[in-house]
Amino acid sequence: MSIPDLQSTADARRISIDKVGVKGLRYPIVVEDRSQGQQQTVADLNLYVELHHSRRGTHMSRFVEVLNRFHRESIIGQLDKLLVELKSRLKADAAYIDIDFPYFIRKRAPVSGIASLMDYECRFNASFRDEYKLWIGVRVPVTTLCPCSRSISTAGAHNQRSFITLQLRYRDFVWLEEMIEWAEAAASSPIWPLLKRADERFVTEAAYANPKFVEDIVRELTQTLQADPRILEFDLSAENQESIHNHNAYASVYRDLKR
């Protein structure tokens, strides 16, 4: 019995589609881990190709077939090959992939030294048209303490949970751990998954001694990134979930260091 292949039929509307594919695909992946070599995690993936105006549709099953061949190896080192195969299998001029995943780092509390696992939201975005482009990203929770509040108060100052989001392209490899460390160093204090009373006192006092506006955070991170010759391009932001306002404070910086 012949089964029709409607996706491969011609389309007369002459409208190309920038991205067509599958979204929300949950899959196990392997990523590079600076201390352990590799780390297994579970990612949410989006895979797309560009669809030529002459073709009615794409073959969605082929995205998963291609992914099946690459997920068991360190995925960041295979993304260029994966995208080349997607372009070939789907007869496309461009291919794209988004990978969002939790990444775990063992952190020791600052005073007690108790170790526990801290999770960070991380992301890879890659594309291949005429050349391969890869962005890697992290979203890092931190503590910030308001410099203005501290300067006008006789006792205490308000602080908040903040999130630093950093994405970059590199010419030489950059670890996710490095990006997380840069972000935490720019805040009033890092946070930990487990704190005893002595640790909590340390973190509270450290943040009080190191007040930061969101403007301070993005400027300090910009200085760090601009000084690193490995980095080609970056996009960063800081957002404070304000504890005494019904709005958030936000700042962002983008730089193309190739110019």
Task: 10 Å binning of all Cα-Cα separations within the stretch 9-108, expressed as whole percents from 0 upward - done: 15, 43, 25, 12, 4, 1, 0
- [ ] Quote the relative contact order of the stretch 130-259 in percent (integer), defining contacts as alpha-carbon pairs under 8 Å separated by 6+ residues.
- [x] 30
TODO: Normalising by the residue count of the stretch 9-108, find the relative contact order in percent from Cα pairs under 8 Å and 6+ residues apart.
DONE: 33
Task: Shape of the stretch 75-144, Cα gyration tensor, a/c cut at 1.5 - done: prolate
TODO: State the answer as a single residue: which of Pro141, Pro211, Gln223 lies farthest towards the positive end of the charge dipole of the chain, with beta carbon charges of +1 for Lys and Arg and -1 for Asp and Glu, about the Cα centre.
DONE: Pro141
Task: Modelled FRET efficiency - R0 25 Å, Lys91 with Asp256, Cβ distances, 0.05 increments - done: 0.20
TODO: With a ≥ b ≥ c taken as the square roots of the eigenvalues of the C-alpha gyration tensor of the stretch 193-256, please select rounded if a/c is under 1.5 and otherwise prolate if a/b is larger than b/c or oblate if it is not?
DONE: oblate
- [ ] Among Gly57, Leu79, Tyr103, pick out the residue whose Cα is farthest towards the positive end of the charge dipole of the stretch 9-108, where Lys and Arg carry +1 and Asp and Glu carry -1 on C-beta, about the Cα centre.
- [x] Gly57
Open item on the list: With a cut-off of 8 Å between alpha carbons and a minimum separation of six or more residues, what is the relative contact order of the stretch 14-55 in percent?
Closed with: 54
TODO: Please get the size of the charge dipole for the chain, origin at its Cα centre, with Cβ charges of +1 on Lys and Arg and -1 on Asp and Glu, quoted in debye to the nearest 20.
DONE: 480
Task: Residue order, fewest to most beta carbons within 10 Å, for Ser237, Ser61 - done: Ser61, Ser237
Task: Tensor-based shape of the stretch 101-201 (alpha-carbon gyration tensor, a/c under 1.5 rounded, otherwise prolate or oblate) - done: oblate
Task: Lysine pairs meeting the criterion (Cα under 17 Å, 8 or more apart or interchain), as found in the stretch 78-215 - done: 4
Open item on the list: Could you work out how much longer the chain between Asn68 and His247 gets when fully extended? Use 0.36 nm per residue separation minus the Cα distance between them, nm to one decimal.
Closed with: 60.1 nm
Open item on the list: Rg/Rh for the chain to two decimals, with Rh computed the Kirkwood way over all alpha-carbon pairs.
Closed with: 1.07
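Quick note: the coordinates plus some simple rules give every number you see, no bench work behind them. Note that the structure is a prediction, hence the values are computed from the model and not measured. Cβ atoms come from the backbone with ideal geometry, glycine included; neighbour counts cover every protein chain shown.
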